[in-house]
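Accompanying notes for the structure given below.
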Amino acid sequence: MGYSEYEAISARYQVPIVVTGFEPLDILEGTLMTVRQLEAGNAVVENQYARAVEREGNRVAQNLVSEVFEICDRKWRGVGSIPKSGYRLRYEFRDHDAERLFEVEEIDTKEPAICISGQILKGIKKPHDCPAFGTLCTPQSPLGATYGLRRRRVRGVLRLRAPPESGRGPACCLKATAPRAAVHALSEKVLRKCRESVEVKEKFFRLYAEQIAELCEKMAGRFQAGHELWVMGNGGSACDAQHVAVEFIHPIIDKRRALPARDLVSQIPVLTAISNDKDYAKIFVDQLALWAKPGDMALAISTSGQSPNLIYALQAARKKELLDHRVLR
């Protein structure tokens, strides 16, 4: 949907809104942008995630949604019915409508009489106005729709306290306490981390840009010939391996075709079986021996470059005539 629809909300309620990506640096920069708006007294919609999000959104996806769904009234827990707030399948797709196929009757959820979650969702009341908040209503046994919602909010600098008039002891509600000195210290820390990250990346690419370009050209030729990429790593590098594979399989950049890439870290039963029956150092070797074909590519990600299972895997890849490469994080 893009973010143009949030502009009216930001303007009406005078709150800053920042669209961010999911990577750590995206979240840090998004937080910094929000803090800067708060310090400057601004309330606009900013887009940190410009590499993937456009103001008007994904038109292709919007057209598909409009083709299959139509807008309808929907009931929301704690609030009730809101006109034109939901979607339902169009008549042409009625054969796929679960409500029709399973004869689902109208669902009407009822909150306990003591619960005021609907008023909290509407902004009429605060959580500490509820007589059950922090006593009968807790994260372990919530009564309404809003307790968990508030606990998941990102709110800058937080502290737990009970309102003086409540008399219900500590830890009853969340209150934002963001003194200017604390906000400034957080801003400086965010900026320092961002600068350090940028410096590391600049140094890396200055040293290896030419090699990376040559490697990309070789990989492009092998993808063109129908070969696959196999990615592996340990710990955090295993997560990176999964991420790299997804970027090839499901590219976020428009007009770039998907390419065959698979990580060797997702099959937990395979990894544990090889570790238990043979040797943890061979968890990637055995998978490459089974699945990889001559001409494929192997990418190993490591923080130390000394992981035995990656060293053995790259040795096996060379023997099988794979294009191999190691990335030190």
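Coordinate-derived values only; no laboratory data. Predicted, not measured: the structure shown is a model, and the values here were computed from it. As a convention, Cβ positions derive from the backbone with ideal geometry for all residues, glycine included, and neighbour counts pool all protein chains shown.
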*Let me have the relative contact order for segment 226-328, percent, based on Cα pairs under 8 Å that are six or more residues apart.*
31 percent
*Each label point is 7 Å from the Cα along the Cα-to-Cβ direction; what then is the distance between the points at His96 and Ile9, in nm?*
2.7 nm
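Once you have the Cα-Cα distance between Val104 and Arg59, take 0.36 nm times their residue separation minus that, and quote the gain in nm to one decimal.
Details: separation 45, 0.36 × 45 = 16.20 nm, distance 3.23 nm.
Length difference between fully extended and current span is 13.0 nm.
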*In nm, to one decimal, how far is the Ile71 label point from the Ile311 one, both placed 7 Å along Cα→Cβ?*
6.3 nm
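Using helices alone, I'd like the mean residue ellipticity at 222 nm for the chain: each DSSP H run of four-plus residues gives -39500 (n - 2.57), total over residue count, nearest 500.
Values: 11 runs with 141 residues, N = 329.
-13500 deg cm²/dmol, from helical runs alone.
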_I'd like the FRET efficiency for Ser187 and His243, computed as 1/(1 + (r/R0)^6) with the beta carbon distance as r and R0 of 25 Å, rounded to 0.05._
0.30
*At q = 0.10, 0.12, 0.14 Å⁻¹, what is the log10 ratio I(q)/I(0) for segment 226-328, with the Debye formula run over Cα points and no solvent?*
-0.25, -0.36, -0.49
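Determine the equivalent ellipsoid of the chain by diagonalising the alpha-carbon gyration tensor, then write out the semi-axes as square roots of 5 times the eigenvalues, largest first, rounded to whole Å.
Working: eigenvalues 413, 163, 112 Å².
For the chain, the ellipsoid semi-axes come out as 45, 29, 24 Å.
Quickly rank 229-235, 78-84, 300-306, 258-264 as a protection proxy: mean count of other C-beta atoms within 10 Å, highest first.
Values: 229-235: 23.3, 78-84: 11.9, 300-306: 16.6, 258-264: 19.1.
So the peptides 229-235, 78-84, 300-306, 258-264, ranked by packing, come out 229-235, 258-264, 300-306, 78-84.
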*How much net charge surrounds Phe22 when only other residues with a Cβ under 15 Å from its Cβ are counted (Lys, Arg +1; Asp, Glu -1)?*
-4
*asked:* I need the calculated FRET efficiency for the pair Ala281 and Leu207, taking r as the beta carbon distance and R₀ as 41 Å, to the nearest 0.05.
replied: 0.85
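Can you check what the Kirkwood hydrodynamic radius comes to for segment 1-42, Cα pairs only, in Å to one decimal?
Numbers: mean 1/r = 0.0907 Å⁻¹.
With all distinct Cα pairs of segment 1-42 included, I get 11.0 Å.
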*Quick one: of the DSSP bridges fully inside the chain, what percent are antiparallel, nearest 5?*
40 percent
